[in-house]
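Heads up, the thing below is written out as structure tokens.
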Amino acid sequence: MKIVVCIKQVPVGAVKIDPETHNLVRSNVEGDINPYDRNAIEAAIQLKEQAGGEVILLSMGPDSYISSLRDGLAMGAASAVLLSSRAFGGADTLATAYTLAAGIKKIGNVDLILFGRQSVDADTGQVGPIVAEDLAIPQITFAEKIEFHDHNVLVVKRLLDSAVQEGKVTLP
């Protein structure tokens, strides 16, 4: 099983906003793996332990994001890919999702893609669903727990506003 986990490095501590572009100023700012993405990495590693396979981390950003990818590798991922170009600077959720979807296509033969719920710096929660749309694949959002039931069936518990929903999903 090939599991891709898309992660984002988020700033740690106080951040500044560029008055002209209205983007976060990320230069010279310490960063760390988005906390929700850490959860996705851990879920992927648990699934790998249940079913075998590999966990691949995928991120888009400047070279400084390598430190977060290394942290994810230390958690148990097998490999990591950083998509980096000055052209990506200031990318919105649509451009980010498009770029990540292209990276996932390039990796190829992916069985499962995991994202954290949202990033703590932008709080949009849009990139994962847009990637699913770009790749024309089904998605499950707000997953609280994911387990293998059979060889290619996952049992997923989703957090809803006032309930927890459980369902079975067949992998491609």
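Coordinate-derived values only; no laboratory data. Owing to the predicted nature of the structure, the values given are computational and were not obtained by experimental measurement. So basically every Cβ, Gly included, is an ideal-geometry build from the backbone, and we count neighbours across all protein chains shown.
Among the GluC sites (Glu not before Pro) in segment 1-91, those placed in a DSSP loop whose Cβ has at most 12 other Cβ atoms within 10 Å are GLU20, GLU30. Normalised radius of gyration (Cα atoms, divided by 2.2 N^0.38 Å) for the chain: 1.03.
Expressed to the nearest 5 percent, the antiparallel share of DSSP beta bridges inside segment 45-172 is 70 percent.
Using equal-weight Cα scatterers in the Debye expression, the normalised intensity of segment 122-170 in log10 at q = 0.16, 0.20, 0.21, 0.25 Å⁻¹ is -0.54, -0.80, -0.85, -1.01.
When the charge dipole of the chain is built from unit charges on Cβ atoms (+1 for Lys and Arg, -1 for Asp and Glu) and taken about the Cα centre, the candidate among ALA97, GLN9, THR21 whose Cα reaches farthest toward its positive end is ALA97. Note: relative contact order over the chain, using C-alpha pairs below 8 Å and six or more positions apart, is 23 percent.
Result for the chain in a Gaussian network model with C-alpha springs under 10 Å: among VAL127, VAL155, VAL55, the largest mean-square fluctuation is at VAL155. Assuming charge only on the beta carbon of Lys and Arg (+1) and of Asp and Glu (-1), the dipole of segment 1-95 about its Cα centre is about 120 debye to the nearest 20. Basic side chains Lys and Arg get +1 at the Cβ, acidic Asp and Glu get -1 at the Cβ, and with that the dipole of segment 43-167 about its Cα centre reaches some 240 debye. With a cut-off of 12 Å between beta carbons, the residues surrounding LEU112 carry a summed charge of 0, where Lys and Arg count +1 and Asp and Glu -1.
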